[in-house]
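Undergrad: Got a structure for you, written out below as structure tokens; questions coming shortly.
Computed from the coordinates by the stated procedures, all read-outs in this text should not be read as laboratory data. Bear in mind the structure is a predicted one, so any value in this text is a computation, not a measurement. Cβ atoms come from the backbone with ideal geometry, glycine included; neighbour counts cover every protein chain shown.
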Amino acid sequence: MVCPETSSDEPLTPAGRLFLQPETDLVIHCIIRGKNPANMDAIKSAIKSSLMVQHPRFCSLLVRDKNGFEHWRRTPIDIGQHVIVVNNRLDKSGNFIDQTQGSTTTEEDDEAAVNQYVADLSVSSPLSTDKPLWELHVLTAHKCAVFRIHHSLGDGISLMSMLMANCRRADDAEALPRMVPDKKTAIKGEKGRDWFWLFGVLWWFSKIVVFTLLFSMEFVLRSLLVPDEKTAITGGDGVELWPRKLATAKFLLDDMKLIKRAVPDTDGLASSSHLAVKLEICPTLLSSWKIGNVSVTINDVLLGMVSSGLSRYLDHRTPN
């Protein structure tokens, strides 16, 4: 949308402009499933009173001035334009099912149908710039909703914080969920202030300097001289229009807690090394460690699982 610039317009950040480029047009898809059928009046009412529609990014249009520079411009929100209701049931191929014939579906069928719906959305339905860059697709027959947010609206931390701010705890409907658990501050004695502690700090700082220089040199070389290697996940011309396949992997929370408890809370690199051995994390990740007590979290376990899975896949597809 090309419009003359006004004094109230806010320019996009460099990251926001990057996410809006045709080569890197990134839209986040979040699938939310429920136990009960969707109440559309309640959903629309909750959205109208939520913090989300008060956030400047979620109630602003993307406009471009005569020079082609993008800006955010505040605009009234029409909930009806953003909430899209799909009443018909979908099959595994993403096609609508004739409900008059009657059919029985399992939870796996529902999951496959929703996955295919999201996969089709990612290539066939870009977010329109005639409204703020977010949508909520409610699939009533599958008791789920698909939240679409353009990545230019925020980064992962800000978007997750906004999502958590709109949720409430199951044990207390009035309380906000906690982003991080409460931790007791450990007071170190004189033992932590000896020469070994000072050597650890200097070694940690030296690693930061060395890895920063190495990664900076690699970035310059990759940008100017050395092309990226071709792998099994390397795209080609028109990759943004290729068909998508969305798969779901389920992991029991108890199993993840078991791995978390198996890694002891130790000082320095020991905890990261322990986690790497158990989950076969890419060695590059081990450069990210801190001085002092290291406590493994569920996020660490998830990162190890994703890294291990991706490494195994690449080793299988491109063993050389």
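Undergrad: For an R0 of 30 angstrom, estimate the FRET efficiency from the Cβ-Cβ distance between ARG168 and THR106 and round to the nearest 0.05.
TA: E between ARG168 and THR106, to the nearest 0.05, is 0.45.
Undergrad: Return the long-range amide H neighbours of HIS150 (sequence gap of 5 or more, or a different chain), with a cut-off of under 5 Å between placed amide H atoms.
TA: Amide H neighbours of HIS150, under 5 Å, 5+ apart: ILE28.
Undergrad: How far apart, in nm, are two points set 7 Å out from the Cα along the Cα-to-Cβ line at GLN81 and at SER223?
TA: 3.7 nm
Undergrad: Would you work out which of HIS142, ILE157, VAL114 lies farthest towards the positive end of the dipole of the range 109-174? Charges go on Cβ: Lys and Arg +1, Asp and Glu -1.
TA: The one lying farthest along the dipole's positive direction is ILE157.
Undergrad: Suppose R0 equals 30 Å. What FRET efficiency, 1/(1 + (r/R0)^6) with r the Cβ-Cβ distance, do GLN21 and MET256 give to the nearest 0.05?
TA: Given R0 = 30 Å and the Cβ-Cβ separation, E is 0.25.
Undergrad: Taking 8 Å as the Cα distance limit and 6 or more residues as the minimum spacing, I'd like the relative contact order of the range 109-157 as a percentage.
TA: Averaging sequence separation for qualifying contacts and normalising by length gives 27 percent for the range 109-157.
Undergrad: On to the next question. Using the Karplus equation 6.51 cos²θ - 1.76 cosθ + 1.60 (θ = phi - 60°), what ³J(HN,Hα) coupling, rounded to whole Hz, does each residue of the range 24-40 give in order, writing x for Gly and Pro?
TA: Couplings: 10, 6, 10, 10, 8, 10, 10, 9, 10, 10, x, 8, 10, x, 6, 9, 5 Hz.
Undergrad: Let me ask something else about it. Sorted by mean Cβ packing within 10 Å, highest first, what order do the peptides 198-209, 54-65, 226-237 take?
TA: 54-65, 198-209, 226-237
Undergrad: Given a Förster radius of 35 Å and the C-beta distance between PHE196 and ALA175 as r, what FRET efficiency does 1/(1 + (r/R0)^6) yield to the nearest 0.05?
TA: FRET efficiency, PHE196 to ALA175: 0.25.
Undergrad: Below 8 Å between Cα atoms, with a sequence gap of 6+, how large is the relative contact order for the range 1-130 in percent?
TA: About 27 percent, as a whole number.
Undergrad: What is the distance, in nm, between label points placed 7 Å from the Cα along the Cα-to-Cβ direction at ASN320 and at ILE208?
TA: 4.2 nm
Undergrad: Contact order normalised by length for the range 25-84, with contacts defined as Cα pairs under 8 Å and 6 or more residues apart; what percent is it? Mind dumping the intermediate values first?
TA: Numbers: 33 pairs, mean separation 14.3, N = 60.
Across the range 25-84, relative contact order equals 24 percent.
Undergrad: Okay, next question. Using a 10 Å cut-off on Cβ atoms, rank the peptides 86-92, 238-244 from the highest mean neighbour count down.
TA: Ranking the peptides 86-92, 238-244 by packing returns 86-92, 238-244.
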